[in-house]
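Encoded as structure tokens, the structure appears first; notes follow it.
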Amino acid sequence: VTVALVGAGPGDPDLITTRGLRLLRRCDVLVHDRLVAVELLDEAPPGSVRIAREEFDQEQINELLVAYGQAGLHVVRLKGGDPFVFGRGGEEALALAHAGVPFEVVPGVSALSAVPSAAGIPITHRGIAAQATLVSGHAPDELDYEALVRLTGTLVVFMGLGSLARIAAGLLEAGIERSTPAAVIARGTRVDEQVVAGALDEIADLSAGLEPPALVVIGEAVALRGRLRGDCGAALQVG
Ligand SMILES: C[S@@+](CC[C@H](N)C(=O)[O-])C[C@H]1O[C@@H](n2cnc3c(N)ncnc32)[C@H](O)[C@@H]1O
């Protein structure tokens with residue numbers, strides 16, 4: 001295998017997998033996202049080629065992966081969280097498969113559950129949320145708010161900070177309780193993590209000062225955070 005699509009985890013550099021780290025430490029070429037922890041970039045060998053995703057469009061990145069792969073180099077495509085969760089890793093894998101370049105996917109710890117977990121929110125707590133739904137907030141007018149409200153459980157919104165007022169309004173118009181617990185977690189799992197929590201009808205105003213990357217979590221499970229991060233919060237801190 002020459003190209004590895006590696007999940008870097010949600011932000012804390014310790015949350016990459018051992019397999020991902022092993023491949024990173026012996027790569028010839030590192031193609032990385034902006035969201036990846038800078039500490040992980042330092043794990044690549046000093047002489048390796050570094051390519052920042054943001055300097056190219058997706059089509060060019062696909063072409064670079066194919067070209068370096070065809071040259072037989074060890075390529076690590078390091079992506080935030082898990083490569084196949086809102087990460088366009090599927091498109092890169094398809095380009096490699098189409099070109100006949102051998103590749104592997106190294107799963108990563110996705111923000112989906114890791115960011116709420118680190119903030120004290122068990123997204124599928126038994127008796128409270130029997131299911132979780134993940135959506136992108138990128139195109140908030142395209143979301144089916146009535147379906148989302150019918151689903152109950154926990155709603156996890158990626159890339160939803162900028163459109164949070166629109167998303168909250170859509171859910172409220174579709175009949176969700178105004179008091180539904182909600183949280184916005186910015187830079188989750190990192191040392192500079194910020195969490196804002198409140199009722200759904202006020203969460204957009206409360207989170208006005210936050211910057212991306214941020215995850216929005218909506219549902220009764222969010223209310224457990226008070227208990228999990230309250231009296232016994234210290235027990236959840238590692239290191
Ligand atoms: C393009 S998606 C990539 C998701 C990634 N593949 C994953 O599995 O976590 C980027 C979005 O993920 C969420 N996200 C990623 N890392 C985060 C973090 N440390 N804290 C909060 N949200 C995060 C944010 O909603 C951000 O806008």
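Here, each number is a calculation from the coordinates, and none is a lab measurement. This is a predicted model, so every value here is computed, not measured. With ideal geometry, Cβ positions are generated from the backbone for all residues, glycine too; neighbour counts draw on all protein chains shown.
The table for this structure:
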quantity: Percent of beta bridges antiparallel (DSSP, the chain, rounded to nearest 5); calculated: 40
quantity: Under 5 Å, built H, 5+ apart or other chain: amide partners of V106; calculated: L5, V6, G7
quantity: Contour minus Cα-Cα distance for F56 and R34 (0.36 nm per residue); calculated: 6.7 nm
quantity: Loop sites in region 99-165: chymotrypsin sites (Phe, Trp or Tyr not before Pro), DSSP, at most 13 other Cβ within 10 Å; calculated: none
quantity: Kirkwood-based shape ratio for the chain, expressed as Rg/Rh from alpha carbons; calculated: 1.02
quantity: Charge sum, other residues only, whose C-beta stays under 15 Å from T152's C-beta, Lys/Arg counted +1 and Asp/Glu -1; calculated: -2
quantity: Per-residue Cβ neighbour rank within 10 angstrom, fewest leading, H138, H32, H125, H98; calculated: H98, H138, H125, H32
quantity: Mean ellipticity per residue at 222 nm, deg cm²/dmol - from DSSP H runs of n ≥ 4 across the chain, formula -39500 (n - 2.57); calculated: -8000 deg cm²/dmol
quantity: Vicinal HN-Hα couplings computed from phi for region 92-97 (Karplus, 6.51 cos²θ - 1.76 cosθ + 1.60; Hz; Gly/Pro x); calculated: 5, 4, 5, 5, 5, 4
quantity: Net +/- balance of residues flanking L65 in space, Cβ distance below 12 Å, scoring K and R +1, D and E -1; calculated: 0
quantity: Whether region 120-200 is rounded, prolate or oblate, judged on the alpha carbon gyration tensor where a/c under 1.5 counts as rounded; calculated: oblate
quantity: Rounded if a/c under 1.5, otherwise prolate or oblate - region 169-228, Cα gyration tensor axes; calculated: oblate
quantity: Taking N as its residue count, the alpha carbon Rg of region 1-97 over 2.2 N^0.38 Å; calculated: 0.95
quantity: Cα principal axis extents for region 24-72, largest first, Å; calculated: 27, 25, 12
